[in-house]
1. Can you sort Thr143, Thr209, Thr73 so the residue with the fewest Cβ neighbours within 10 Å comes first?
2. Kirkwood hydrodynamic radius of the stretch 177-241 from all distinct Cα pairs, in Å?
3. Pop the C-beta distance of Tyr115 and Thr182 into the FRET formula with R0 = 41 Å and round what comes out to the nearest 0.05.
4. From the backbone phi of the stretch 80-92, what are the Karplus-calculated ³J(HN,Hα) couplings (6.51 cos²θ - 1.76 cosθ + 1.60, θ = phi - 60°) in whole Hz, Gly and Pro given as x?
5. In whole Hz, with x marking every Gly and Pro, tabulate ³J(HN,Hα) for the stretch 134-143 from phi via Karplus 6.51 cos²θ - 1.76 cosθ + 1.60, θ = phi - 60°.
6. Based on other C-beta atoms within 10 Å, arrange Ile183, Ile239, Ile203 from fewest to most.
Amino acid sequence: MDNDNQSQNHNTDMDTGNSLKDQVMASVKSGHLKMRPKWHFVLRASLLAVGTAVAALTLLYLASLFLFIARETGIWMAPAFGWHGVMVFLISLPWVLILLVLLFIVILETLVRHYAFAYRMPLIYSGLVIIFLVVAGGLLVSTTPFHEKMADCPPAGGPPPCMMGFYRDLDPDRHQDLHEGTIIQVSGQNYVIVNRRQEQLLIVVTSETKLPFGAGFAEGDKIVVVGERDGSQVKAFGISPFDGRRPDYKP
């Protein structure tokens, strides 16, 4: 009897398969369902792969550019000076760049969801994987000379600027109360620095100036200063070494 049931089920499956096949063929013949050539699916898969690669590379470029700008301008050191420093940090962030990074994360996530390995994965997991890879890749690229060379483009006497516009956030004027430069003169407790635009600024240090990493900077030290600028003077609210570390500083 079991054999009869199995035979009956097998016949039922075959009938169902034939019925479905007949329905599909009928839809094709009636024009309700159009058969697509093989090249259509190959082209679609190729465009998806190219789009995913372009989105990933663009995202990697934007993320590494953000990290490069944060390092080169000293933005990331501003929160060390307390609430005022946090406000300067938030104002100085390249928000257009951050929004572009978020946009391309969404685009890349949407494209990746078309692949089987990501389709079966919960959305939050695939998103976290993408974010992790972007941060890791961005950190790696930002430590290479790539962005430094692009920021200095073109060389003297060279062709018109290639991608200078993408590096406009390196302009010191954009960062309002944030100043970075190299000390060229020590005058008492004050410092004279030369910034990225080769301007000389007098950094005025008062009893209220925050020095979270200690004082006693010397000529040649690169520092980050938070303070209001008045002409060529900056009344320092806080001063920090550019890289956040001092070999001779012991907390």
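None of the figures in this text is laboratory data; all of them are computed from the coordinates on show. Because the structure is predicted, anything quoted here is derived from the model rather than measured. As a convention, Cβ positions derive from the backbone with ideal geometry for all residues, glycine included, and neighbour counts pool all protein chains shown.
1. On the way: Thr143 13, Thr209 19, Thr73 24.
In order of increasing Cβ crowding within 10 Å: Thr143, Thr209, Thr73.
2. Values: mean 1/r = 0.0885 Å⁻¹.
After inverting the pairwise mean of 1/r, the radius is 11.3 Å.
3. 0.25
4. For the stretch 80-92, the Karplus curve yields 5, 9, x, 4, 4, x, 4, 5, 4, 4, 5, 5, 7 Hz.
5. Per-residue couplings from phi come out as 5, 5, 5, x, x, 4, 5, 5, 5, 8 Hz.
6. Working: Ile183 17, Ile239 26, Ile203 23.
Listed from fewest to most nearby Cβ atoms, that is Ile183, Ile203, Ile239.
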